[in-house]
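FYI, it's all coordinate maths here, none of it is from the lab. Fair warning: this is a prediction, and the values are worked out from it, not measured in the lab. Ideal geometry is used to build each Cβ from the backbone, glycine not excepted, and the neighbour counts take in all protein chains shown.
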Amino acid sequence: MKKVFFKTFGCRTNIYDTQIMIQNLKDFETVSHEDEADIVVVNSCTVTNSADGSARSYINSLNRKDKKVILAGCGAFSKGDALFSDKMVYGVFGHSEKAKINTLLKSEEPFFQLGDLESIDETIVEDFSAKTKAFIKIQEGCDFRCSYCIIPSVRGNARSQDEDKIIEQVGVLADNGFGEFVLTGTNIGSYGKDKGSSIAKLLKRISQVKGVKRVRLGSLEPVQIDEEFLELLDETWLEKHLHIALQHTNEEMLRIMRRRNALKNDLELFEFISEKGFALGTDFIVGHPGESEAIWKDALENFKKFPITHLHGFSYSDRSGTHASTLKDRVNGDIAKKRLKILEEIVSENNFSFRQKSKSNLLVLVEEQKGEYQAGYDQFFNKILISSNKSLQKEWVNLQAYEVKREGNYAHFA
């Protein structure tokens, strides 16, 4: 058997897509390091120009090692043609072709098969190699057209996975020992709009599957959180952390970004969910074209009002093919970095304060060994380091006593 190594760049959706490819690979052996492989499948990300650059740099390194390289993922649509024409990759295939990987890798001729942007995955993933939690892709694509984002062009419009198929997959994975499930997709809050369902209805069904202990969610849009969803906030199986993508906290900037959320509604939503005891994360882009000093100062004062405990912050990265790339009024990169640093410091302090005030026992799924500690995430999506004489890998531990330090929580488990 020829040996295949998968290199995955980017988001949780790509992690899931890699698992679909592995599941459909029948006549090859998967290996854990590229040096062992005859073929390397690069599941690429194209969310920024730098993401494309990272994949290209990695492919260059593989060519120096004389590996057969196959390009998959979002980068297949943005850079696949150029890489294939330059003979830097042997083959290119798009999202709709993942299930055909076994046949594609057998090809004795170079191939370029992007497929379409309308498909939905049919493969039932039964395991996640070296993972303690299971990822479930519930939808694909996005109907939003934010100024800075290329993803709808490479993932297509929003479309939902069949609800029964999702429940079947959750059942299979629960039977295989998984208790924590992470729902992922391009824009998961849009789930069900094309099928007469909703993310809340799906969550209720998932919670009824035997063996489901905790459900985590990928990023939600503020405008997608409705009353039906808010009614679930008291459920014990729902992770006490939500990631709600604001992207900015200035009304004018939200308009420039072509966002659908509104500042006043966003703040009311965050305050309501915070009062329910939730930790709250968000995405935020600084330095987007048009972010003047006046806009930034207003955004900063507004940002301080939000009970945000986790941050995915980014300095704007120009992405060719997006509306934002055509805009003027550019922000100096050093200024953007300083602005991002301010937000990170605010959220770090918020997180420390949240952990200090929390009186909850911490329910932790232990995921990995980190030096002398074993580590995992609690229900608030905060990492905790545990000292123990026992191997706790893939175990659930309930911690009543723990020490809160600025850099994280620590505990001992006898």
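Quick notes
- Note on the chain: helix-only mean residue ellipticity at 222 nm, from DSSP H runs of 4+ residues weighted -39500 (n - 2.57) and normalised by residue number, equals -9000 deg cm²/dmol.
- Take the Kirkwood radius over Cα pairs of the stretch 28-113, plug it into Stokes-Einstein at 25 °C and 0.890 mPa s, and you get 190 µm²/s for translational diffusion.
- Under-5 Å amide H pairs with residue 136, H placed in peptide plane, nonlocal only: 182, 183, 184
- Percent antiparallel among DSSP beta bridges (both partners in the stretch 362-412, rounded to 5): 80
- The stretch 193-236 shape via C-alpha gyration tensor axes, a/c threshold 1.5: prolate
- Too-long pairs where the Cα-Cα distance tops 24 Å, listed order kept, from 133/370; 7/338; 359/383; 26/165; 137/204; 106/165: 7/338; 106/165
- Near residue 83: Cβ cut-off under 11 Å, other residues only, Lys/Arg at +1 and Asp/Glu at -1. The net charge is 0.
- Taking the square roots of five times each eigenvalue of the Cα gyration tensor of the stretch 1-56, the equivalent ellipsoid has semi-axes of 22, 13, 7 Å, listed largest first.
- Of the trypsin sites (Lys or Arg not before Pro) in the stretch 59-128, those whose Cβ has at most 13 other Cβ within 10 Å and which sit in DSSP loop: 65, 87, 106
- Working from the Cα coordinates of the chain, the gyration tensor eigenvalues give, after taking √(5λ), semi-axes of 33, 29, 22 Å in decreasing order.
- Two-site FRET efficiency, residue 335 against residue 405, from Cβ-Cβ distance with R₀ of 30 Å, rounded to 0.05: 0.40
- What the pair-distance distribution of the stretch 331-414 shows, using all Cα-Cα distances binned every 5 Å from zero, is 3, 14, 24, 18, 13, 10, 8, 6, 4, 1, 0 percent.
- Dividing the radius of gyration of the alpha carbons in the stretch 134-357 by their Kirkwood radius gives 0.98 for Rg/Rh.
- Going by neighbour counts of Cβ atoms within 10 Å, the residues 309, 322 line up, fewest first, as 322, 309.
- Computed E for residue 328/residue 262 - FRET, C-beta separation, R0 22 angstrom, nearest 0.05: 0.30
- Length released on extending from residue 388 to residue 346, taking residue separation times 0.36 nm less the Cα-Cα span: 11.8 nm
- Here the stretch 106-194 is treated as an ellipsoid with the same Cα gyration tensor; its semi-axes, largest first and in whole Å, are 25, 20, 12.
- Distance from the C-alpha centroid of the stretch 135-178 to that of the stretch 77-110: 23 Å, rounded to the whole angstrom.
- About the centre of its Cα atoms, the chain shows a dipole size close to 620 debye [charges on the beta carbon of Lys, Arg (+1) and Asp, Glu (-1) only; nearest 20 debye].
- Residue exposure proxy: 248, 33, 243, ordered by other Cβ atoms within 10 angstrom of their Cβ from fewest to most, comes out as 33, 243, 248.
- The length gained by stretching the chain between residue 223 and residue 85 to full extension, at 0.36 nm per residue less their Cα-Cα distance, is 45.5 nm.
- Counting only DSSP beta bridges with both residues in the chain, the antiparallel share comes to about 30 percent.
- Computed from the C-beta positions of residue 356 and residue 396, the FRET efficiency with R₀ = 25 Å rounds to 0.55.
- Paramagnetic label zone (point 7 Å from Cα along Cα-to-C-beta, residue 48; backbone N under 19 Å) in the stretch 274-290: 282-290
- Within the same chain, aspartates and glutamates fewer than 8 places from residue 201 are excluded, and of the rest, those with a Cα less than 16 Å from its Cα are 162, 163, 164, 168, 226, 227, 228, 231, 234, 235.
- Where the alpha-carbon atoms of the stretch 190-288 are placed on the principal axes, they occupy 46, 32, 21 Å, in descending order.
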